[in-house]
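Encoded as structure tokens, the structure appears first; notes follow it.
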């Protein structure tokens, strides 16, 4: 939901507490009982992936399985919750201290925050509306074309100069998404338009942030931007929800969905924004890009297992082409070569011969092999059950009325 910084020089977050102890323990000897232990960046990566995918799956589940078919109202509730939460955090924690460096005037608010907030609102509403028409897996396939829309919008606004190399890369991604769309069994043109509208609104929002806020000398992290955008978006969504869903809205559907579940849903969506702040601060733009690509693949797999979504071979090939183009677009050839070399070196350090220098113990290698074996077995078993139709077996549980 929040803006992601793409700068590669973000803080790495690798606090040197453990490094100092490894150098001889001098720091420990001088300051007994005051050893600082930092949280490993893997924790922030895992938390962001979990909360991001949980938010998407939670929204889809509320709309499809709990009968809360009011995407605009759900988005409005998220933004109201975010408005209240950011105001509380600003007064009780240091997470929003970045707002003190923002020079917010009435001119900046009306010229930048309000229009960007309206585009943000449109992006969120469309992103939730699409769950009424398309599967989560197919939505993620369409989202792989987001950089294409952003690049085309940047060219249209003359923020970037067109280049033949990037244009060819764009064609590859579009071709992959087109194949995935052709292979989609339950294709909905209305859902496709909602996804396209949400992606376009998000692209325009990012470009306007680059033009307006950068021109005003502002620099906001995702949580600070939510602090300013959420009230504008909440007010805008109240009008959207009132016009689009008020005539068919039934208050009984709130109780049907569950007050606690709706509160939990908004809390998870807000925690996603908090986790993105920590992820940006503790890693780099490169790690964030790789994490986003991996998250997309993982979400497709999880959604297939939960909803038994059918993916055709053509769709699988198209998504693979789109992901390949997206990876090359995001990283470039030099980064890909560097990452491949680093992974190869890491792999050799774990599974190398006893004579090679390695910091991984034999017990750790055996544990890693065991984990990989278990994961491979689970994947193969799940694929077998799904292909034989056993995964489609529905267990009918007695309803509450039957038990009474």
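Summary of computed values
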| item | result |
| --- | --- |
| Options 240, 211, 207: the member that is without any contact (Cβ under 8 Å) to a residue 60 or more places away in the chain, touching a helix residue (DSSP H, G or I) at 6+ places or on another chain (Cβ under 7 Å) and part of a helix (DSSP H, G or I) | 207 |
| Residue identified as assigned to a helix (DSSP H, G or I) and either touching a residue at least 40 places away in the same chain (Cβ under 8 Å) or within 30 Å of residue 268 (Cα to Cα) (or both) among 159, 114 | 114 |
| Among (1) out of contact with any helix residue (DSSP H, G or I) (no Cβ under 7 Å at 6 or more places or on another chain); (2) within 28 Å of residue 61 (Cα to Cα); (3) not in a helix (DSSP H, G or I) - the single one residue 219 does not satisfy | (2) |
| Candidates 188, 181, 144, 163, filtered to the one that is in contact with a helix residue (DSSP H, G or I) (Cβ under 8 Å, 6 or more places away or on another chain) and surrounded by fewer than 19 Cβ atoms within 10 Å (Cβ to Cβ) | 181 |
| Test: residue in region 217-233 that is farther than 22 Å from residue 279 by Cα and surrounded by fewer than 16 Cβ atoms within 10 Å (Cβ to Cβ) | yes |
| Among (1) more than 16 Å from residue 193 (Cα to Cα); (2) part of a helix (DSSP H, G or I); (3) in contact with a helix residue (DSSP H, G or I) (Cβ under 8 Å, 6 or more places away or on another chain), the one test that residue 100 misses | (3) |
| Candidates 128, 186, filtered to the one that is part of a loop (DSSP other than H, G, I, E, B), assigned by TED's automatic domain parsing to the domain that holds residue 309 and farther than 21 Å from residue 112 by Cα | 186 |
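The values are calculated or read from the model by the stated rules, or taken from the named source; none is laboratory data. Everything quoted here is computed from the prediction, not taken from an experiment. Because the Cβ atoms are built from the backbone with ideal geometry, glycine has one as well, and the counts that use them run over all protein chains shown.
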